[in-house]
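What follows is a set of notes on a single structure, which appears directly below.
The values are calculated or read from the model by the stated rules, or taken from the named source; none is laboratory data. As the structure is a prediction and not an experimental result, all values here were calculated from the model. Please note: Cβ atoms are built from the backbone with ideal geometry, for glycine as well, and neighbour counts cover all protein chains shown. Please note that ligands, DNA and RNA were not included when accessible areas were found on the heavy atoms of the full protein model with its side chains. Shrake-Rupley method; radii C 1.70, N 1.55, O 1.52, S 1.80 Å.
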Amino acid sequence: MAGDSRFPDVDTDVSERNEETEIVVNVGGVRQVFYGDNLNQYPETRLAELINCLSGGYDSIFSLCDDYDPGKREFYFDRDPDAFKCIIDVYYFGEIHMKKGICPICFKNEMEFWKVDLKFLDDCCKTHLSEKKEELEEIARRVQLILDDLGVDASESRWKRCQKYIWKFLEKPESSYPARVIAVLSFLFILISSVVMCVGTIPDMQVTDAEGNRVEHPTLDSIETACIGWFTMEYVLRLIASPNKLHFALSFMNIVDVLAILPFYVSLTLTHLGAKLMELSNVQQAVQALRIMRIARIFKLARHSSGLQTLTYALKRSFKELGLLLMYLAVGIFVFSALGYTMEQSHPETLFKSIPQSFWWAIITMTTVGYGDIYPKTTLGKLNAAISFLCGVIAIALPIHPIINNFVRYYNKQRVLETAAKHELELMELNSAEGKAASSKSEFEGLVREGKEGPFYSSQLKVSHSDTFIHLLSEDKHYRTRLQSCK
């Protein structure tokens, strides 16, 4: 390169280099003119290095840029021009703002190429970058989980392989058709047990025992026992197959599973053994208190419903908005209950006996429930009730929009992550197919050189290609660049 006759000799005269303080940079077809006094503010960056690279010859020049025109003294770079326009702000303003629509990860790579430190990136843009990193880590985790499910480690023992199979069978309904059937059965058992719990409280569905007490029908008890048996077997199998027993036991949904089945066994124990240790009436009260804990099994539906999981996450992310709502309501309840109590004291038949008792009236009024058990009778009291009603509507409506936004954002994010994980798997499968096709092609060319070309080998090559071809990917996806994919 140094001896190429197309380029004139690079001038290394010191005085000429000192006079030359202007460089032209062409990034993706966009020309920019820079002056040395601006670039030298950050001498460690790539653009600042371009000022002094001419003295090092063409090897030094082409180590920094993709091409160079000595006649125009113009440096060419095959990089993203949109990201470059944002990065050069550091020479004029001392900070960088990432333009909307640019992938944060690609922008970070561009900053590393131009040797600009990430500390110059504004805090708002760093937040987008950290969010994108978390998304990529989540995608990598999902892809790894799928690969772990697909792969079989021959070095693992038979018991380990059996554990993985049971775990995938019970925890991942999308892994196979039988796993999907088990998930549907589990969902039906949850619904049946919840319905039985409700129907068992209907007096017409109850029977009288030997002591004259109303108890659930024996048929409903049998159905309840069958459901509890299914829940117990499911939990025990999942615990045995869990790769991390401690994490499994402390997981919120698994704690819900324990709370759903524990009251049955505690009630059974108290019924048969508690009578010997305490009075029968105390045993019955304890059993009734435990049976009400059966409502916890309705939360098991969240395991089979992505919508409920999304709603739970949205509420967790909206603690600040919910706290703001509770604060507004608490202030309003205190103010309007005190005003209501004061204004209603002049009426002889007032229903506002004290300020704490007025809290109940303020709560049902501000939340637009209005049971009617407590109501104002004076004109000022009614005016106070109307104002409290309007303030309650406004206080409840204010935080609703952020909560809905959190729900929609998380739901869309989960769909994007799921699609991205599948796309990564398709790309991995495509790369594997291209590697197999390349090896088959070289094999075929070797056979041709040996004079063995014929219909048999041609058909064999076609079969090899069709076995690994991915029909889900169209031709235009094969040639997308990484930057285009991120955008």
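So the values come out like this:
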| item | result |
| --- | --- |
| Candidate set from the stretch 186-228 (those that are part of a loop (DSSP other than H, G, I, E, B) and in contact with an Asp or Glu (Cβ under 9 Å, 6 or more places away or on another chain)); member that is surrounded by the fewest Cβ atoms within 10 Å (Cβ to Cβ) | Thr201 |
| Single residue of Ala302, Ala330 found to be modelled with pLDDT of 90 or more and either within 24 Å of Leu191 (Cβ to Cβ) or assigned to a helix (DSSP H, G or I) (or both) | Ala330 |
| Residue satisfying condition, being modelled with pLDDT of 85 or more and of a type in the set (Ser, Thr, Tyr), within set Thr201, Thr225, Thr208 | Thr225 |
| Boolean, Leu390 is in contact with a helix residue (DSSP H, G or I) (Cβ under 8 Å, 6 or more places away or on another chain), modelled with pLDDT of 85 or more, assigned to a helix (DSSP H, G or I) and open to solvent by 40 Å² or more (accessible area, probe 1.4 Å) | no |
| Extreme residue, farthest from Met111 (Cα to Cα), among residues of the stretch 63-81 that are at pLDDT 85 or above and open to solvent by 50 Å² or more (accessible area, probe 1.4 Å) | Asp67 |
| Complete set of residues in the stretch 54-88 that are more than 30 Å from Gly101 (Cβ to Cβ), part of a strand (DSSP E or B) and hydroxyl-bearing (Ser, Thr, Tyr) | Tyr68 |
| Single residue of the stretch 113-126 satisfying the filter (surrounded by 12 or more Cβ atoms within 10 Å (Cβ to Cβ) and out of contact with any strand residue (DSSP E or B) (no Cβ under 8 Å at 6 or more places or on another chain)) that is modelled with the lowest pLDDT | Lys126 |
| Selection within the stretch 353-369 - surrounded by 14 or more Cβ atoms within 10 Å (Cβ to Cβ) and at pLDDT below 90 | Thr367 |
| The stretch 235-245, subset in a helix (DSSP H, G or I) and under 27 Å from the mean Cα position of the chain (by Cα), residue farthest from Leu191 (Cα to Cα) | Lys245 |
| Matching option when the condition is assigned to a helix (DSSP H, G or I), open to solvent by 30 Å² or more (accessible area, probe 1.4 Å) and at pLDDT below 80, among Gly323, Gly307 | Gly307 |
| Residues that are outside any helix (DSSP H, G or I) and more than 14 Å from Ile333 (Cβ to Cβ), drawn from the stretch 355-382 | Gly370, Tyr371, Gly372, Asp373, Tyr375, Pro376, Lys377, Thr378 |
| Any hit, the stretch 36-54, residues being in contact with an Asp or Glu (Cβ under 6 Å, 6 or more places away or on another chain) and either open to solvent by less than 30 Å² (accessible area, probe 1.4 Å) or touching a residue at least 40 places away in the same chain (Cβ under 8 Å) (or both) | no |
| Cross-chain or 6+ apart pairs with Cβ under 6 Å, the stretch 405-423 first and in a helix (DSSP H, G or I) and surrounded by 15 or more Cβ atoms within 10 Å (Cβ to Cβ), then at pLDDT 75 or above and among the aromatic types (Phe, Trp, Tyr) | Tyr410/Tyr313 |
